[in-house]
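Engineer: Handing you this structure, nothing more for now.
Readers should treat all values here as calculations from the given coordinates under stated rules, not as data from a laboratory. Remember, it's a predicted structure, so these values are computed and weren't measured experimentally. Note that we place each Cβ from the backbone using ideal geometry, even for glycine, and neighbour counts take in every protein chain shown.
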Amino acid sequence: MKRWIIKRPDEDKSAEFSAKCDLSKLTLDVLTSRGFQTFEQIVELFDDDELTDPSETGDMMKAVKTISEAIDNYELICVYGDYDCDGVTSTAVLFSYLDSIGANVMYYIPERSDGYGLNEGAVRDLADKGVKLIVTVDNGIAAVEESKLIYDLDMKLVVTDHHQPPEQLPMAEAIVDSHQVHCTSRFKDLCGVGVALKLCAALDDCNYDIVLEQFADICAIGTIADVVPLNGENRTLVKTGLNYLSNTENPGLNHLMKLTRIDREHISSTDISFRLAPVINASGRFGSPLTAVKALLTEDDDEAQSYAEMLVTLNRQRKEVETEIMTEIVNYLNDNPNVLNQRVLVLDGKNWHHGVIGIISSRIMEFYGKPNFIITYDDNGNARGSARSMKGFNIFKCLQYCSCYLTKFGGHECAGGLSLRTDNIEAFRLMVYEYAAKSTDSPRYTLNADKLLSPEDITLGNVKDLARLEPFGEANSQPLFAMLGVLVRNITPLSQGRHTKIDFSYGSYNGSALFFMLSPDNACFNVGDKLDMLVNLDVNSYNGRESVSIKVVDHRLSGVKQERYFAAKDCYEKLMRDEELPANFVRKVIPVRAELVSIYKYISSVKKTTLDALFMRSTSDTMNYCKLRICIDIFAEKGLIDFKPATGKISWVKAEHKVELTDSSILLKLNSML
């Protein structure tokens, strides 16, 4: 179960703003709940300002001078990119622009196995090819040693990047990165392709007209994929790019949108995030990033189709491998359930594909609600990992604490990467546990709802008006709403039971809601139950008719006291970690016979359920999560149920003979603590 926070809009502010604009009250409620306090802030959000003069970015005109001289002298220029979607789109934009103005230009992107950014082997290879100027995109700000080698080999370097600069900067003719102290650019949150597009505009006499027409579609994709805040200039770039994307003349993008079934008439940032960007990223994760670059650069339609099909195939393979790794992890956790009781999960596996462990880490954090490190190792004793966290547990500080076992690491509060020797994995794991135990924070994976919907809020006009907040993404997420006490009237399976639709009543509103990837057989609710739901609202168009579409993001039976749930869950995990707890607390969580009988009777009546569904059905003043989980552990130990700790699935097992519960090892352990 995830933690919910339901924010409250400032009703007075919403009313004040409503008198000054034509935004709906629901849209204004979303904005005020997100902290918009002045009407000027709202105007600024919707004011698509022209992009600021690229010359304001530090060292931009130095970069223009260096590149222009190389073009005039017909020196070979190399655009040096990165293997993710931002790096690929950055490379495509700058290479294509330089090629179009007659530069002698090539591009280079390292494979994922080569590591991020400039590397010695690539630099020497480029020197051998006759390159005289390297221009980095989406990397280079930390390439101190590599920059020295570039100049030793009689080449020059221009860095364009958007990452935080280290204390020591690389040797270069120009370093274009708005995070530098001396940079006067007002907007600091561009991604790599945004910086590359600004460089193109600067090369074009600081005029954006041509470069936006040529590259706004590609720039929008890279900006959304890199999860930078979609406000300010990023919002302008994405809105412009989405408009161009619906009528793009790029053959590769045309085929990619067709293969990923994107509706050109209603293309959104969500389509980019969940359909287009993963396919482009798949080349760097699972094949060669060159495939994606060529798909974006080729002008031949047949070639474009071939590259697009290759990318879709790579993405399909990526999904299959993710599923295989997740299955391996789930099986391991079912066999080693105590791992789930740790504050931080540290999971490792042999030859897990390093291109997907970051995605796996994100999925593990969302599913289990815990910070985690996912490590893959090979036969040569080398290991590398990715980490994800939520605010409250600092990944980078944890890596610093454990650095004695690491050969390389980096990151920030919520994400990181690391390398180490395989024989140090176990020591690293124990040190992570040690750091987590010393941390006073108890982070929770949290869903933030913008407001509690009233039945009167749910109108087609209101939902249509919410679309004016698009494009949605980082720092401007799609509005999420709470609906409490929804009465389930009917349950319908969809797509052979893979999804579920309910018909419901919510005060004066009667409607339907969709639960994706939830089978009715696995649902925690029945007809007649009352649900609390977190939902997204959208417009559904069918046969010329429009209606409100309600998509459920998370749900639970009404009445669950979440803070009590999490407190009891923490106590259960402390028990399982053998941490000291007061005897009077232990006494309260030891189930008596009547409680065991009641829980078992319910399980035997439904045959299959989940731990969270059982908790929602059985919680009371005397039955909290900790006691319930102890009951489940006792039943599983005695063979009365089949319990899968990794997924929480519970299946009733018919007892062949009478079972004595009092000699359960769990009960004996708890009683010994008294």
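Engineer: Sorting check: for 14-23, 83-92, which peptide has the highest mean count of neighbouring beta carbons within 10 Å, and how do the rest follow?
Structural biologist: In decreasing order of mean packing, 14-23, 83-92 become 83-92, 14-23.
Engineer: For T622 and E111, what is the calculated FRET efficiency with R₀ set at 51 Å and r taken between the beta-carbons, to the nearest 0.05?
Structural biologist: 0.30
Engineer: Another one. Which entry is the computed Cα extents along the principal axes in Å for this structure: (i) 78, 63, 60; (ii) 105, 48, 38; (iii) 90, 63, 47?
Structural biologist: (iii)
Engineer: Based solely on its DSSP helices, what 222 nm [θ] is calculated for the chain when runs of n ≥ 4 H residues each add -39,500 (n - 2.57) and the sum is averaged over all residues, nearest 500 deg cm²/dmol?
Structural biologist: So the helix-based figure for the chain works out to -13000 deg cm²/dmol.
Engineer: For the range 95-203, what is the number of Lys pairs with C-alpha distance below 24 angstrom, counting only pairs 8 or more positions apart or on separate chains?
Structural biologist: Lysine pairs, 8 or more places apart or on different chains, close enough: 8.
Engineer: Let me ask another. When all alpha-carbon pairs of the range 54-207 are counted, what percent fall beyond 20 Å?
Structural biologist: Within the range 54-207, distances greater than 20 Å cover 41 percent of Cα pairs.
Engineer: Would you mind putting 607-616, 227-236 in packing order, based on average other-beta-carbon counts within 10 Å, highest first?
Structural biologist: Highest-to-lowest ranking by the protection proxy: 227-236, 607-616.
Engineer: A follow-up question, please. For the range 370-377, take each phi angle, set θ = phi - 60°, evaluate the Karplus expression 6.51 cos²θ - 1.76 cosθ + 1.60, and give the result in whole Hz per residue in order, putting x for glycine and proline.
Structural biologist: After applying 6.51 cos²θ - 1.76 cosθ + 1.60, I find 9, x, 7, 10, 10, 10, 10, 9 Hz.
Engineer: A follow-up question, please. Take the alpha carbon atoms of the range 30-47, find their center, do the same for the range 385-462, and report the distance between the two centers in whole angstrom.
Structural biologist: Result: 30 Å between the Cα centres.
Engineer: Amide H of V553: which non-local residues (sequence gap of 5 or more, or other chain) have their own amide H closer than 5 Å, using H built in the peptide plane?
Structural biologist: Long-range HN contacts for V553: L534, V535, N536.
Engineer: Okay, next question. Take every Cα-Cα distance within the range 1-130, group them into 10 Å bins from 0 onward, and report for each bin the whole-number percent of pairs it holds.
Structural biologist: 10, 23, 19, 15, 18, 13, 2
Engineer: Please list the equivalent ellipsoid semi-axes of the range 344-441, computed as the square roots of five times the alpha-carbon gyration tensor eigenvalues, in descending order and whole angstrom.
Structural biologist: Those come to 19, 16, 11 Å.
Engineer: Which distance in Å, rounded to a whole number, links the C-alpha centroids of the range 149-199 and the range 563-639?
Structural biologist: Taking the Cα centre of the range 563-639 as reference, the centre of the range 149-199 is 56 Å away.
Engineer: Could I ask something else about it? Of F373, F515, how do they rank once you tally other Cβ atoms within 10 Å and put the fewest first?
Structural biologist: Fewest-to-most Cβ neighbours within 10 Å comes out as F515, F373.
Engineer: A follow-up question, please. Output the peptides 651-659, 132-140, 534-542 sorted from most to least packed, where packing is the average of other Cβ atoms within 10 Å over each peptide's residues.
Structural biologist: 132-140, 534-542, 651-659
Engineer: A further question on this structure: Could you quote the convex hull projected area for the range 423-544, Cα atoms only and averaged over all directions, in nm²?
Structural biologist: Computing the convex hull of the Cα atoms and averaging its projections yields 13.0 nm².
Engineer: So what J values fall out for the range 283-288 if you push phi through Karplus, 6.51 cos²θ - 1.76 cosθ + 1.60 with θ = phi - 60°, rounded to Hz, Gly and Pro as x?
Structural biologist: For the range 283-288, the Karplus-derived couplings read 5, x, 7, 10, x, 10 Hz, x marking Gly and Pro.
Engineer: Can you compute the FRET efficiency between S403 and S477 using 1/(1 + (r/R0)^6), with r the Cβ-Cβ distance and R0 = 45 Å? Round to the nearest 0.05.
Structural biologist: 0.85
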